[in-house]
1. Taking the 0 to 90 degree range and rounding to the nearest ten, how far is the long axis of helix 20-30 tilted relative to the main principal axis of the chain, both from C-alpha atoms?
2. Non-local amide H neighbours of ASP146 (under 5 Å, H modeled in plane, Pro and chain starts lacking H): which ones?
3. Please give the net charge around ARG31, taking every other residue with its beta carbon less than 13 angstrom from that of ARG31, where Lys and Arg add +1 and Asp and Glu add -1.
4. If I fit a long axis through the Cα atoms of helix 120-130 and take the longest principal axis of the Cα atoms of the chain, what angle between them do I get, 0 to 90°, rounded to 10?
5. Please list the three semi-axes, largest first and in whole Å, of the ellipsoid equivalent to the chain, using sqrt of 5 times the eigenvalues of its alpha carbon gyration tensor.
6. Rounded to whole Å and ordered largest first, report the semi-axes of the equivalent ellipsoid of the range 3-128 derived from its Cα gyration tensor (root of 5λ).
7. Which value, in debye to the nearest 20, describes the size of the charge dipole of the range 3-128 about its Cα centre when Lys and Arg Cβ atoms bear +1, Asp and Glu Cβ atoms bear -1, and nothing else is charged?
8. Suppose every K and R has +1 on its Cβ and every D and E has -1 on its Cβ; what is the size of the dipole of the chain about the Cα centre, in Debye to the nearest 20?
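Derivation of every value follows stated rules applied to the coordinates shown; laboratory data play no part. Everything quoted here is computed from the prediction, not taken from an experiment. Counting neighbours? That spans all protein chains shown, and the Cβs are built from the backbone with ideal geometry, glycine included.
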Amino acid sequence: MLVEQIMTRDVVTLSPDNTLQEALDISRRHRVRHLPVVKDGNLVGLISDRDLRAAAPSILDKAGDDSILCDVRVEQLMVKEVITAHPLDFAEDAASQIYKHFIGCLPVVTQDKLVGIVTERDVLRTLVEMMGVNAPTSRIEVEVPDKSGMLAQISDLLRARRINTSAVMVFPSEKEGYKTIVFRIRTMDPRGFIKDIEAAGYRVILHPYAVTDGEV
């Protein structure tokens, strides 16, 4: 999945000449936490609601001067060295950048022109969709030897049961020489599939049912 598939295209932006009060009003009106700063269509900075709140006088400070928000321009507070993404970047690479740099968003640019924005929420929504948890499914974890062909063998068992798969993930196992395959499958009663896995000699680590005796 690419960044252009998950990004928000209708981006709320600011001008460097906007005041902090205007920026705060826009942030509240549109309920957005990250505001790219654009000049002539080019991305020149980024400001967040956290930056704006930090600049605002505390409500506990009786001597605080509210007029400061009207006197200071966005360009004086904005971050100018902005980490960005390209529309054709992979979504997981964008997620890695957000995680690595402890940031809340990535403006998406093409030749310095702002074309979208990817936020933490976009990444989380994409993860939920990719893992198949936004639809009725069952989650099965299977421990298999860490060698080629294991996924195909388990998939053959699914095909024999005519069970469709929503998502598959592979993780290292705590047991040396093994790996864990996690399936999201489109059935609410996976007991037959679980029995097939165990009959094939593999260990089911986690599943929603205890397998009972008798035919399924």
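1. 40
2. Distant-sequence amide H within range of ASP146: TYR178, LYS179.
3. For residues surrounding ARG31, the net value is +2.
4. The two axes meet at around 20 degrees.
5. So the three semi-axes of the chain are 50, 18, 15 Å.
6. 28, 16, 11
7. 320
8. 620
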